[in-house]
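Encoded as structure tokens, the structure appears first; notes follow it.
The values are calculated or read from the model by the stated rules, or taken from the named source; none is laboratory data. All of these numbers come straight from a predicted model, not from anything done at the bench. Note that we place each Cβ from the backbone using ideal geometry, even for glycine, and neighbour counts take in every protein chain shown. To get the accessible areas, we keep the full protein, side chains included, count just its heavy atoms, and leave off ligands, DNA and RNA. Shrake-Rupley method; radii C 1.70, N 1.55, O 1.52, S 1.80 Å.
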Amino acid sequence: WLTEHVWPTEGKFVSPEFVADGTRIAVVEMLKGGTTTFNDMYFFPDEIAKAADESGMRAVVGLICIGFPSAYCGSPDADMLTNVKSYLAKGVEIKDNLIAKMPLVDAIVAPHAPYTVGREG
């Protein structure tokens with residue numbers, strides 16, 4: 001299911017704009033429903049953080065770690081551990097250079113799942 005349908009579809013459509021638009025729509029729905037804080041874990045966490053910050057909504061943004069490449073990070077030529085380290089490094093950079101300047105947004109490390117980060121990840 002994931003490998004045959006979800007991940008190939010994400011590979012075709014997920015982009016910074018896709019994530020930013022989806023987050024903005026979700027923020028409107030959450031605010032209308034009375035939600036004041038959300039936690040998210042997806043590709044392009046910088047876009048999620050920006051959308052939360054622009055809206056004035058509190059958020060905890062997951063810095064995704066996964067062992068395979070995506071439009072956001074990773075390399076098809078790298079092994080699982082190398083990709084996980086790349087995601088972590090990119091996430092720390094986003095946290096330090098962007099999220100740290102946002103008073104209502106925080107970051108957390110967000111491993112995808114045991115089977116997608118590997119034993120060493």
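Numbers for the structure displayed
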| read-out | value |
| --- | --- |
| Checklist (1) in contact (Cβ under 8 Å) with a residue 24 or more places away in the chain; (2) loosely packed, with under 14 Cβ neighbours inside 10 Å applied to I48, failing item | (2) |
| Breaking point among (1) assigned to a loop (DSSP other than H, G, I, E, B); (2) of a type outside the set (F, W, Y); (3) touching a residue at least 12 places away in the same chain (Cβ under 8 Å), for G34 | (3) |
| V19 being farther than 24 Å from A100 by Cβ and surrounded by 14 or more Cβ atoms within 10 Å (Cβ to Cβ) | no |
| Residues within the range 14-31 that are closer than 17 Å to I64 by Cβ and in a helix (DSSP H, G or I), tallied | 7 |
| Members of the range 90-119 that are of a type outside the set (D, E), within 17 Å of F44 (Cβ to Cβ) and out of contact with any Cys (no Cβ under 9 Å at 6 or more places or on another chain) | V92, I94, K95, N97, L98, I99, M102, V105, A107, I108 |
| The one condition in (1) open to solvent by 50 Å² or more (accessible area, probe 1.4 Å); (2) of a type in the set (G, A, S); (3) in contact (Cβ under 8 Å) with a residue 24 or more places away in the chain that G67 fails to fulfil | (1) |
| Any helices (runs of 4 or more DSSP H) falling wholly within the range 44-121 and containing at least 1 residues that are more than 23 Å from L2 (Cα to Cα) | 45-55, 80-97 |
| Residue match in the range 45-66 (condition: acidic (D, E) and under 13 Å from the mean Cα position of the chain (by Cα)) | yes |
| Odd one out for G11, checked against (1) under 23 Å from R119 (Cα atoms); (2) small (G, A, S); (3) modelled with pLDDT under 95 | (1) |
